[in-house]
Amino acid sequence: MLIDDEEIALNVTEMMLKEFEDVNVVGRFMDPYAALKIMETSHVDVVFIDIEMGDVHGIHFASLITKKFSHVQIIMVTAHPQYALEAFDVDAVDYLLKPINKKRLQKAIEKVRRSIGKSDANTMEDTVSFYAETLGGFNLVDNKQNPLKWRTKKVKELFLFLWMRKGIPVHKAIVMEKLWPDTNQDKTISLLHTTVYQLRKKFKEKGVANAISFNNNHYTLNVSVRSDIKEIEEITEAQQLSPTDTEKLLLLYKGDLLEEEDYTWSLSFQHEIRYSVLRYLERCISVYTDSTLVESCLKKMLEIDCYQEEYMYRLLVLYKQTKNVSEMKTYYKNIESRLEEELGIEVPLKIKELYQQTI
């Protein structure tokens, strides 16, 4: 995969790489975050990254890639030799100066071949990965973007229950209690064993030899799964706000965690993620000056918590500040009908006065 903010540089690099029979360019991007999104569902061995790309620094972005995809090899490309030491700080396999020299590129490719050769010596289980979409609906795909089909609803639920524990072993008794709360113990044990067997079988078909381990009466899921939840956690836990990350979060949060599934045990996880997203968006609307982005944040906040008076008020204030009277009228009517028809209450005085003062 090639990442550079200059179209000419991408063309030159791709042209030179075509001379290597075992190299296939699977994607070329001027937007680093678009490349990162594709990597979640595509097989990528090597990424060529330009160091200076406008607002995005290649060294920082390389660290994001290696953090999320430990198997991916990084080759830094730049016109500035002073970045060489920093490149190797992010464990780059090599560093190429522009304009790229053919012999130097050959050496870099040889380094990558040796490094990948070592990885290939590992078990198949280490190289198989999956991506889970869990916000709104649920979908799990392999690294070829093939969705997994579940033998039964309980096989899917067992996978999710163990996966949400992030590798922490779960006692057998807790699994039975959460997944079969109203079933007698003898039948529950039989159902558990059958479900575990089916789940192991499903992942064995995908190349994972030991998807579930059982030690000291505890089950542990041993499957590499990237997810929309993890991406959101990385964004909301970042110290600094980024408009690009914020836009990414707005796209990722399509609904509450597993909201289409009927899992009582998932409610605490659902509330935790919802809370972290709302707190992050509250930070955004207090910092950003781009009215379009602030409006998108407020609308998402109201999707998550549609009766929050303060969010309603802030959106109307934004429409007033941007002199968007038509949107203000439309949204106020929405507030009026929602509160009066769905809850049987009047529009709060604070909101009503703001609207009347403006209109």
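Of all DSSP beta bridges in the chain, what percent run antiparallel (nearest 5)?
So the antiparallel bridges amount to about 45 percent of the total.
In the stretch 159-228, carbon and sulfur make up what percent of the accessible area (probe 1.4 Å)? Before the final figure, lay out each step's value.
Details: 1800 of 3720 Å².
The value for the stretch 159-228 is 48 percent carbon and sulfur by accessible area.
Could you tell me which residue out of 268, 322, 249 lies farthest along the dipole of the stretch 211-346 toward its positive end? Charges go on the beta carbon: Lys and Arg +1, Asp and Glu -1, centred on the Cα centre.
Checked the options; the winner is 322.
List the pairs from 67/111; 18/149; 37/333 whose alpha-carbon separation is above 31 Å, in the order I gave them.
18/149; 37/333
Pop out the ³J(HN,Hα) list for the stretch 249-266 in order, Karplus 6.51 cos²θ - 1.76 cosθ + 1.60 with θ = phi - 60°, rounded to Hz; leave Gly and Pro as x.
4, 4, 6, 5, 7, 8, x, 5, 4, 6, 5, 8, 9, 9, 10, 4, 5, 8
Mind checking the per residue accessible area of the stretch 1-85 for me, 1.4 Å probe, whole number of Å²?
48
Using a simple spin-label model with points 7 Å from Cα along the Cα→Cβ vector, what separation in nm is obtained for residue 244 and residue 308?
Roughly 2.6 nm, to one decimal.
Show that you can apply the helix-only estimate: for the chain, add -39,500 (n - 2.57) for every DSSP H stretch of four or more residues, divide by all residues, and state [θ] at 222 nm to the nearest 500.
On the way: 16 runs with 189 residues, N = 359.
Helix-only estimate at 222 nm: -16500 deg cm²/dmol.
If you take every residue apart from residue 352 with its C-beta less than 10 Å away from the C-beta of residue 352, what net charge results, scoring Lys and Arg +1 and Asp and Glu -1?
-2
If the cut-off is a Cα-Cα distance under 16 Å, which aspartates and glutamates reach residue 98, setting aside same-chain residues fewer than 8 apart in sequence?
4, 5, 6, 7, 14, 50, 52
Once neighbouring chains are kept in place and the probe is 1.4 Å, which whole percent of the accessible area of the stretch 1-106 is contributed by carbon and sulfur?
C and S fraction of accessible area: 55 percent.
Using label points projected 7 Å from each Cα along Cα→Cβ, tell me how many nm separate residue 146 and residue 68, to one decimal.
Distance between label points: 2.4 nm.
Check cross-link reach from residue 352 to the aspartates and glutamates: straight Cα distance under 15 Å, and skip same-chain residues fewer than eight apart.
309, 310, 336, 340
Equivalent-ellipsoid semi-axes (√(5λ), Cα gyration tensor) for the stretch 203-325, whole Å, largest first? Numbers along the way, then the final one.
Values: eigenvalues 276, 50, 28 Å².
Taking √(5λ) for each Cα gyration eigenvalue gives 37, 16, 12 Å.
How many angstrom separate the Cα center of the stretch 37-59 from the Cα center of the stretch 331-350?
Their Cα centres are 47 Å away from one another.
Hey, any idea what the orientation-averaged projected area of the convex hull of the chain's Cα atoms comes to, in nm²?
The orientation-averaged projected area of the Cα hull of the chain comes to 23.1 nm².
Go through the stretch 1-66 and name the chymotrypsin sites (Phe, Trp or Tyr not before Pro) that are in a DSSP coil and have 16 or fewer other Cβ atoms within 10 Å of their Cβ.
20
Projecting each Cα onto the charge dipole of the chain (Lys/Arg +1, Asp/Glu -1 at the beta carbon, about the Cα centre), which of 105, 41, 179 comes out farthest on the positive side?
So the residue we want is 179.
With +1 on each Lys and Arg Cβ and -1 on each Asp and Glu Cβ, how big is the dipole of the stretch 172-254 about its Cα centre, in debye rounded to the nearest 20?
Numbers: 12 positive and 11 negative charges, 120 e Å.
With only Lys, Arg, Asp and Glu charged at Cβ, the dipole is about 580 debye.
Under 8 Å for C-alpha pairs, at least 6 residues apart: give me the relative contact order for the chain, rounded to a whole percent. Show your work: numbers first, answer last.
Working: 400 pairs, mean separation 39.4, N = 359.
Relative contact order, the chain: 11 percent.
Treating cross-link reach as a plain straight distance, find the lysines whose alpha-carbon is under 21 Å from the alpha-carbon of residue 178, omitting any fewer than eight places away in the same chain.
153, 154, 156, 166, 187
Report the charge-dipole magnitude of the chain in Debye, nearest 20, computed about the Cα centre from +1 at each Lys and Arg Cβ and -1 at each Asp and Glu Cβ. The partial results should precede the final answer.
Working: 47 positive and 56 negative charges, 240 e Å.
Computed about the Cα centre, the dipole is about 1160 debye.
From the backbone phi of the stretch 100-111, what are the Karplus-calculated ³J(HN,Hα) couplings (6.51 cos²θ - 1.76 cosθ + 1.60, θ = phi - 60°) in whole Hz, Gly and Pro given as x?
Calculated HN-Hα couplings, in order: 5, 8, 4, 5, 5, 5, 4, 5, 5, 5, 5, 4 Hz.
Are there any GluC sites (Glu not before Pro) in the stretch 199-287 that are in a DSSP loop and have at most 13 other Cβ atoms within 10 Å? List them by number.
237, 260
The values are calculated or read from the model by the stated rules, or taken from the named source; none is laboratory data. As the structure is a prediction and not an experimental result, all values here were calculated from the model. Every residue, glycine as well, gets a Cβ built from its backbone with ideal geometry; the counts of neighbours run over all protein chains shown. Just so you know, the surface numbers come from the protein's heavy atoms only, side chains and all, with ligands and any DNA or RNA stripped out. Shrake-Rupley method; radii C 1.70, N 1.55, O 1.52, S 1.80 Å.
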